[in-house]
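Since the structure comes first, as C-alpha cells, the remarks are kept for the end.
Throughout, read-outs are computed from the coordinates displayed, never taken from laboratory work. It should be emphasised that the depicted structure is a prediction, and the values quoted were computed from it without experimental measurement. So basically every Cβ, Gly included, is an ideal-geometry build from the backbone, and we count neighbours across all protein chains shown.
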Amino acid sequence: MTKVLITEEELRGLLIASETRAKGFKLIVEMYSAQIYWQLRRMVYNHDDANDLVQNTFIKAWEGLDNFRGEAKVSTWLYSIALYEGLGHLRQQQRKQAHLFNSEDEALTNYLLNQLESDTYFDGDEYERKFQEALLSLPEKQALVFRLRYYDELPYEEISQMTGTSVGALKASYHHAVKKIEALLKQDH
Amino acid sequence: MTEKHQPYDGTPVDFHRGEDKMKHYALPEGYLQNMQVQIMSNLNREHLHTSVKPTSWWLKLKPSLYLAASFIGLWIGFKGLMHFQNSLHTQQDKMVDIEDSYLRYYEDYAEMLLTEEAQWAWGEELEMM
C-alpha cells in the first residue's frame, strides 16, 4: 500500500467534488489497488483473473462515484465493490463447471483448486495447498469472513458494513471457520 | 510446513502470520506499479478523458458562438431569399414589358397594313372617280 498523507475526510471530499474527483481517484488507486488485487487473488486463486477483476473493480468504482456519499470508509467501499466483482466471477465459473460435478459447491471447489495448481505464480507448497483446500471446504460466507479477517485483518465492524451481517454473527462465523480449518489440517498430519 | 509463533486474535499456531500468509504467492516483476498505470490508463480511455476535461474559455463560449452563428446563417439565408425573390420579380416585370412592346408592335403593324390596304383600295376608287 502506498503511503499517502491524507485524512479519510479529505479523501472523501476529493472524491465527492466533481472538480477534484479525478485527483482523488488517482490517490485511491495508489493507496488501495494492491490490497484490492490481493483480496481478489485470494478469492479467484489465479493472477490473470485477479488482474482483470481489479481493473473492473476500479472502473465500477469510478462509475459508482456519483452514488458514493462517504458514509463508509473509502477502503470499505472499494472492498465491497471488489467483493461483489469477485463473487460474480465465481458464480459464472460455478455455473460453467456445474455439469461436471454432483453439486455446484463441489464444482467451484474443484475449479478453484485447479486454478491454484495451474497458477504460474503459486509455488506449489503442499501445506499451503492443504490449507486452501480446507478453506474451500467451508460454507461460502464463512470462507469470505475468514479471508477478510485472517488475510486482510479487517475489523469486524468494517466486515459488518460490507456484508450486512452483525458483528456477533461475524465473530461466531470466524471462530467456526478457524476451528474447521484447524481440524482439517490436523486430520492430514 | 508449520510455523510456530505465539497465537494472536484466536488464530491457531499452525496458521501463517503477517506477510508469511502470502509467501507462496508471487507476482510478475513490477506488476503492482504497472497495474496502477494500467488502471489509470483504462479509466482515462473510457471515462476520465470525457468526464473531467478542464473547461477552457473556448468550451464555455462555444454554445453561445454556435447560437450566434446559427442566427447569422439564418439572416444571410433570409436576405439571399429576399434578393432572389426581388430579382425574380424584376425579370417577370421585364418579360411583361417585352410582351407589351411585342403586342404593341403587332398592333402597329396590323394598323399599318390596314391603312396601306385602305389607301390602296380607296386610291383605286379615287382614281376611278
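Give me a single rounded figure for A:28-41: the average over its residues of other chain Cβ atoms within 10 Å of their Cβ.
On the way: counts 0, 7, 4, 1, 0, 7, 6, 0, 2, 6, 5, 0, 0, 3.
Shielding by partners across A:28-41 averages 3.
Taking the Cα centre of the protein assembly as shown as the origin and placing charges on Cβ (Lys, Arg +1; Asp, Glu -1), which of B:Asn42, A:Val54, B:Ser87 is farthest toward the positive end of the dipole?
Looking along the dipole axis, the top candidate is A:Val54.
Can you give the mean number of other chain Cβ atoms that lie within 10 Å of the Cβ atoms in peptide A:131-137? Write out the running numbers ahead of the final one.
Working: counts 6, 1, 0, 0, 0, 0, 0.
Shielding by partners across A:131-137 averages 1.
If you take the charge dipole of chain A about its Cα centre, with +1 on Lys and Arg Cβ and -1 on Asp and Glu Cβ, which of A:Leu108, A:Gln94, A:Ser75 is farthest toward its positive end?
So the residue we want is A:Ser75.
Based on the Cβ-Cβ distance of A:Ala17 and A:Glu153, what FRET efficiency does E = 1/(1 + (r/R0)^6) give at R0 = 30 Å, to the nearest 0.05?
The calculated FRET efficiency here is 0.45.
Rank-order A:121-130, A:152-161 by packing density, defined as the average count of other C-beta atoms within 10 Å over each peptide's residues, highest first. Could the numbers behind the result be given before it?
Details: A:121-130: 14.4, A:152-161: 16.9.
So the peptides A:121-130, A:152-161, ranked by packing, come out A:152-161, A:121-130.
So what J values fall out for region A:53-60 if you push phi through Karplus, 6.51 cos²θ - 1.76 cosθ + 1.60 with θ = phi - 60°, rounded to Hz, Gly and Pro as x?
5, 5, 4, 4, 4, 6, 5, 5
Using the per-residue mean of other Cβ atoms lying within 10 Å as a proxy for protection, in what order, highest first, do the peptides A:79-89, A:6-16, A:108-118, A:34-44 fall?
A:34-44, A:79-89, A:108-118, A:6-16
P(r) for the protein assembly as shown, please, calculated from all Cα pair distances in 10 Å bins and given in %.
Bins of 10 Å from zero give 5, 18, 22, 15, 7, 4, 4, 4, 4, 4, 4, 3, 3, 2, 1, 0, 0 percent of pairs.
Can you show me the helix-derived [θ] at 222 nm for chain A, built from DSSP H runs with n ≥ 4 at -39,500 (n - 2.57) apiece and divided by the number of residues, rounded to the nearest 500. Show your work: numbers first, answer last.
Working: 9 runs with 141 residues, N = 189.
Value at 222 nm, helices only: -24500 deg cm²/dmol.
Over region B:57-118, with a single point scatterer placed on each C-alpha, what log10 of the ratio I(q)/I(0) does the Debye formula yield at q = 0.16, 0.18, 0.19 1/Å?
Values returned for q = 0.16, 0.18, 0.19 Å⁻¹ are -0.72, -0.78, -0.80.
Going by amide H atoms built from the backbone, whose H comes under 5 Å of the H on A:Phe122, apart from near neighbours?
Under 5 Å from the amide H of A:Phe122: B:Ala26.
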